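Worksheet: one structure, shown below.
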Amino acid sequence: MNILIFGPNGSGKGTQGDLIRQKYNLAHIESGAIFREHIGGGTELDKKIKAYIDRGDLVPDDITISMVLETLKSKGENGWLLDGFPRNMVQAEKLWEALQKEGMSLDYVVEILLPCEVAKNRIIGRRLCKKNNNHPNNIFIDAIRPKDDKCRVCGAGLSARSDDQDETAINKRHDIYYNTQNGTLAAAYYYKKLADGGRTKYIELNGGGSIDSIRETLLSKLS
């Protein structure tokens, strides 16, 4: 099973992705981790990526797609869940074309729906477990409020990302995500149109529910 997941920062996308990974034994592949791995690698592709980043340039989409595909093939033999990519319409189109060329299926596309202001407040209250960033902890949500500054799941220490406390940075990320013309939602809607044509399946989830209710709904639609 191969899955693409969309959701704004603060929607619980990472938490749900981790739950799916555990349930179906999929590789949970996050775009940020892909870049970090390739920056430190020694292949020709790795060197090209590092050169762009060292210059402060954006990595071209064609190179990014090659990097993503390489990771999906090397780590996703038993299926994968791709999180954090694509981020715009052009990337969505190129990723679909590349998957088709490689004969790789995209079985489900999942979108977690959440109003921008709600997502913003969740980000500000988010705390990261030092053992597993996908353990849910938020000082503003009673159901997942940590106790004594310790992770409510495993008891490890917690921290807050500096950019999670920066409203300007949060707004910038959300401006990209909620842009339906050429941002991340435009990419999601590209796959929604493909689903309307029967080429994949598209699942919409209400991100305002509890972690467990969202998980139950998602698992009931994955088959």
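The values are calculated or read from the model by the stated rules, or taken from the named source; none is laboratory data. What you see is a predicted model, and the numbers here were worked out from it, not measured in a lab. Neighbour counts run over all protein chains shown; Cβ positions are idealised from the backbone, glycine included. The area values use the complete protein model at the heavy-atom level, side chains included, leaving out ligands, DNA and RNA. Shrake-Rupley method; radii C 1.70, N 1.55, O 1.52, S 1.80 Å.
Here is how the numbers come out for the structure above:
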| quantity | calculated |
| --- | --- |
| DSSP loop trypsin sites (Lys or Arg not before Pro) with at most 14 other Cβ within 10 Å excluded, longest remaining stretch of the chain | 1-129 |
| With every protein chain in place, region 1-95: carbon and sulfur % of accessible area (1.4 Å) | 47 |
| Region 94-223 - Debye-derived log10 I(q)/I(0), Cα point model, q = 0.10, 0.18 Å⁻¹ | -0.43, -1.13 |
| Sequence-separation-based contact order of region 149-196, relative, with Cα cut under 8 Å and 6+ spacing, percent | 15 |
| Pairwise Lys count, region 65-223 - Cα closer than 23 Å, eight or more residues apart or different chains | 26 |
| With 5 Å bins from 0: P(r) over region 65-148, alpha-carbon pairs, percent | 3, 11, 17, 18, 13, 12, 14, 9, 3, 1, 0 |
| Spatial extent of region 156-209: Rg and Dmax, with the Cα atoms as the point set, Å | 15.7, 47 |
| The chain, relative contact order [Cα under 8 Å, separation at least 6], % | 27 |
| Overall form of region 5-45 per C-alpha gyration tensor (a/c, 1.5; a/b vs b/c) | oblate |
| Per residue accessible area of the chain, 1.4 Å probe, in Å² | 52 |
| Overall Cα dimensions of the chain - principal axes, largest extent first, Å | 49, 42, 34 |
| Dipole in debye (nearest 20) - the chain, about Cα centre, beta carbon charges: Lys, Arg +1; Asp, Glu -1 | 480 |
| Region 7-114: GluC sites (Glu not before Pro) falling in loop per DSSP and having at most 14 other Cβ within 10 Å | E77 |
| Calculated [θ] (222 nm, deg cm²/dmol) that DSSP helices of n ≥ 4 give over the chain, each run adding -39,500 (n - 2.57) | -15000 deg cm²/dmol |
| Top positive-direction residue, dipole computed over region 164-223 with Cβ charges, set N206, A188, N171 | A188 |
| Residue order for D83, D212, D149 - accessible surface, 1.4 angstrom probe, largest first | D149, D212, D83 |
| Region 151-223, dipole about Cα centre (Lys/Arg Cβ +1, Asp/Glu Cβ -1), debye to the nearest 20 | 380 |
